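All remarks here apply to the structure that follows.
The values are calculated or read from the model by the stated rules, or taken from the named source; none is laboratory data. Quick caveat: nothing in here was measured; it's all calculated off a predicted structure. Positions of Cβ are backbone-derived with ideal geometry, glycine not excepted, and every protein chain shown enters the neighbour counts.
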Amino acid sequence: MISEGLGDLSAPNEKPRVNVGEDGGDIQTGPLNEPVTNWDFILKGFGLDPNVFEVDKDTVRMSKWQQSKRLENGQRDLVWLYSYRAQIKRRLGTPLNDTEIDELRSRVSKYKPVAKSVSKSLSEPCTFVVCWADWQLGKSAGGGTQATIDRVLNSFDKTLARIDELKKIGRNIEKIAIVNMGDPVEGCDGNYASQTFTVELTQREQLRLALDLWAQGVRHIAPQADKSMFISTISNHGEWTRRGGKPITSDSDSADAFLADTLLRILDGRPEVSTTEWLIPHDEMTVTAKLSGVNVAFTHGHKITGKEIEWLRGQSIRILRDEGEEPRLWVTAHKHHLDIKDYGPWTRIQCPSLDGGSKWYSDIAGHWSTPGTLTFTVGSQFNLGYEDIAIL
């Protein structure tokens, strides 16, 4: 439908323009010498593909006015000028006809599974990653410290079984990566209300217990491949503070880093970890490792602020500048539940926790997370850089 407005004095001053969004937009032609009979020319003039966009005919508005023009013989004549405004939209797909639909159904009916064979993704080397996240040893919730220890030791058994299971189906595991994703201990105060009332262990007891569990886990899991790696992050419950404040020195003043340093000293020289590589941060909140051809960034997650995608974009650019390659995978913890998001340039995998939960959070939110340990494989042959996600 075209609505005509005669004598629109604003029309001569209109400039050609177009605004295009995800679904469409609007277009303004500016003065034209002839009426529009085919919008393809107009759309192409703005760099729009007529096969993708079309004018919504019910939104077209036309202005028409006369303008004086001097002729070659010196006399004056009147000419008509035209201007249009309209909404544009993306074209809908052309529906298939009955014959085309029948052909598609015929193709589907002829499908047969391909013969089983060892796929390339199975035979190529990969890294098995196990993430120890948010144990918060010393926390009284969910059965307390004893129940958390039971869950951790049980996760070691399940991890060994999972590695064996993947090997049996043909996964070529060239390396084991054991990752402390942060908050191995509860701390004693300063992280949330009533923490000092509910904590079961002293700081010294928490650290000693975490070290015992780490040592047992590494000694038994690391030898399951020819090479292994122990990676640690820095976390908020690991901050060494004074009276509930922030660290008085630097971010390196951390239980996570201290435990990793101590574990290295305890296990150094033992034959079962002789091929283990250690990635221990000083004060870095993000550490990166190249695992079977995939650059993976690990961070506890307590420093993420604002929109997560913007934080990841900024940190990825920083890592690209500093290290020459941005991460393909981001692994985080802190929020105590499994969550996987494909952002396009990178995938973010968020780890569940093995602690006993939070009564405070369940009271205000009405939901909770299931305890578990995140494991997966990493390799450049995988579509998203990872495969075999399992919560143990």
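If a residue counts only when it is within 25 Å of D26 (Cβ to Cβ) and basic (K, R), which strands (runs of 3 or more DSSP E) contained entirely in region 36-112 have at least 2 such residues?
Counting at least 2 such residues, we get 61-70, 76-90.
Restricting to region 84-110, give me the number of residues that are among the small types (G, A, S) and surrounded by 14 or more Cβ atoms within 10 Å (Cβ to Cβ).
Result for region 84-110: 1.
When region 137-170 is examined, which residues are found to be assigned to a loop (DSSP other than H, G, I, E, B), surrounded by 13 or more Cβ atoms within 10 Å (Cβ to Cβ) and in contact with a Leu (Cβ under 8 Å, 6 or more places away or on another chain)?
Of everything in region 137-170, just one residue is assigned to a loop (DSSP other than H, G, I, E, B), surrounded by 13 or more Cβ atoms within 10 Å (Cβ to Cβ) and in contact with a Leu (Cβ under 8 Å, 6 or more places away or on another chain), namely G138.
Residue-wise test of (1) under 40 Å from the mean Cα position of the chain (by Cα); (2) closer than 30 Å to G238 by Cα; (3) β-branched (V, I, T).
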position	(1), (2), (3)
S63	no, no, no
L71	no, no, no
R76	no, no, no
S83	no, no, no
E103	yes, no, no
K110	yes, no, no
A133	yes, yes, no
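Quick check on this structure: which one of A289, A210, A225 is aliphatic (A, V, I, L, M), touching a residue at least 12 places away in the same chain (Cβ under 8 Å) and touching a Pro at 6+ places or on another chain (Cβ under 8 Å)?
Every option except A210 fails the conditions.
When you look at L81, is it more than 22 Å from G21 (Cα to Cα), surrounded by 10 or more Cβ atoms within 10 Å (Cβ to Cβ) and out of contact with any strand residue (DSSP E or B) (no Cβ under 9 Å at 6 or more places or on another chain), yes or no?
Against the criterion (more than 22 Å from G21 (Cα to Cα), surrounded by 10 or more Cβ atoms within 10 Å (Cβ to Cβ) and out of contact with any strand residue (DSSP E or B) (no Cβ under 9 Å at 6 or more places or on another chain)), L81 does not qualify.
The conditions are (1) modelled with pLDDT under 90; (2) in contact with a strand residue (DSSP E or B) (Cβ under 8 Å, 6 or more places away or on another chain), and T127 fails exactly one of them. Which is it?
(1)
What about S250, is it in contact (Cβ under 8 Å) with a residue 12 or more places away in the chain, loosely packed, with under 13 Cβ neighbours inside 10 Å and small (G, A, S)?
yes
Inspect region 133-151 for any residue being out of contact with any Gly (no Cβ under 8 Å at 6 or more places or on another chain), of a type in the set (K, R) and modelled with pLDDT of 90 or more and give the result as yes or no.
Yes, there is a match, as at least one residue in region 133-151 is out of contact with any Gly (no Cβ under 8 Å at 6 or more places or on another chain), of a type in the set (K, R) and modelled with pLDDT of 90 or more.
Are any of the residues in region 48-69 without any contact (Cβ under 8 Å) to a residue 12 or more places away in the chain, polar (S, T, N, Q) and in the same structural domain as K15 (by TED's automatic domain parsing)?
The answer is yes, given that some residue of region 48-69 is without any contact (Cβ under 8 Å) to a residue 12 or more places away in the chain, polar (S, T, N, Q) and in the same structural domain as K15 (by TED's automatic domain parsing).
Is it the case that region 300-323 has a residue that's β-branched (V, I, T) and part of a loop (DSSP other than H, G, I, E, B)?
Among the residues of region 300-323, at least one is β-branched (V, I, T) and part of a loop (DSSP other than H, G, I, E, B), which makes the answer yes.
Give the residues of region 278-308 that are surrounded by 16 or more Cβ atoms within 10 Å (Cβ to Cβ), within 19 Å of D342 (Cα to Cα) and out of contact with any strand residue (DSSP E or B) (no Cβ under 9 Å at 6 or more places or on another chain), sorted by residue number.
Within region 278-308, no residue meets the criteria.
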